[in-house]
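Colleague: Structure provided below as structure tokens; questions to follow.
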Amino acid sequence: MTTLNRRDLGLLVLRVGTGAVLAAHGTQKLFGWFGGGGVEATAKGMEAMGFHPPRESAIAAGLGEAGGGVLLALGLATPAAGAAAAGAMAGAVAVHAPAGFFAAGGGYEYPAFLGFSAAAIGIAGAGRYSLDHATGHVLDRPWVVATAFLGSALAAAAVVGRRAQARAEATHEAEVETDGPAEESTT
């Protein structure tokens with residue numbers, strides 16, 4: 001008779017809880033479920049936050065959250081799922097970072113926590129009570145972990161870097177517009 005393994009049971013609870021929260025957020029972005037705006041409203045929000053192209057950014061964020069969340073909850077392709085969700089949360093952290101750490105003030109606490117949780121699950125593996133275990137861990141190999149997290153880190157760095165550059169350029173253009181006419185009128 002097999003006894004329950006507390007570590008594997010803990011991973012199951014963490015995977016399902018984290019995955020469900022991520023999936024709910026992603027379906028808000030993709031389908032407008034749970035009070036979300038769907039792709040069109042999310043794309044407008046992404047554009048306002050400096051992500052370009054906005055529609056593709058909205059779809060990528062939604063898929064990272066919803067797809068990563070569902071796969072985490074199932075414990076299937078856990079390294080890729082954790083990496084995708086963590087990458088999506090890196091973008092959210094970048095948006096909330098100027099407001100500081102705590103979520104109560106609009107900070108990045110919540111997306112950082114979801115990202116770290118997803119990454120930890122992706123690195124640790126899904127445990128015995130998972131589809132990865134049932135399939136002999138074919139999608140949960142060390143090379144998958146390394147490839148998934150490297151790919152996600154590079155993609156997140158590119159997206160966040162491109163957003164930061166676009167925001168810096170927009171700020172510079174706004175400063176030139178406001179400073180330019182004032183300097184001309186004084187000479």
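We did not get these values from a lab; they are worked out from the coordinates using the rules stated. Just so it is clear, the structure is predicted and the values come from calculations on it, not from any experiment. Here the Cβ positions follow ideal geometry from the backbone for every residue, glycine too, while neighbour counts run over all protein chains shown.
Colleague: Consider all pairwise Cα distances in the chain and report the whole-number % of them above 31 Å.
Modeller: Roughly 26 percent, rounded to a whole number.
Colleague: Then there is this: Where does the stretch 1-108 land on Rg/Rh, using Cα atoms and the Kirkwood Rh?
Modeller: Looking at the stretch 1-108, the ratio lands at 1.06.
Colleague: Express the relative contact order of the chain as a whole percentage, based on alpha carbon pairs under 8 Å and six or more residues apart in sequence.
Modeller: Computed over the chain, the figure is 22 percent.
Colleague: Looking at the chain, identify the longest residue range that excludes and avoids all chymotrypsin sites (Phe, Trp or Tyr not before Pro) in DSSP loops having at most 15 other Cβ atoms within 10 Å.
Modeller: The segment 1-100 is the longest one with no such site.
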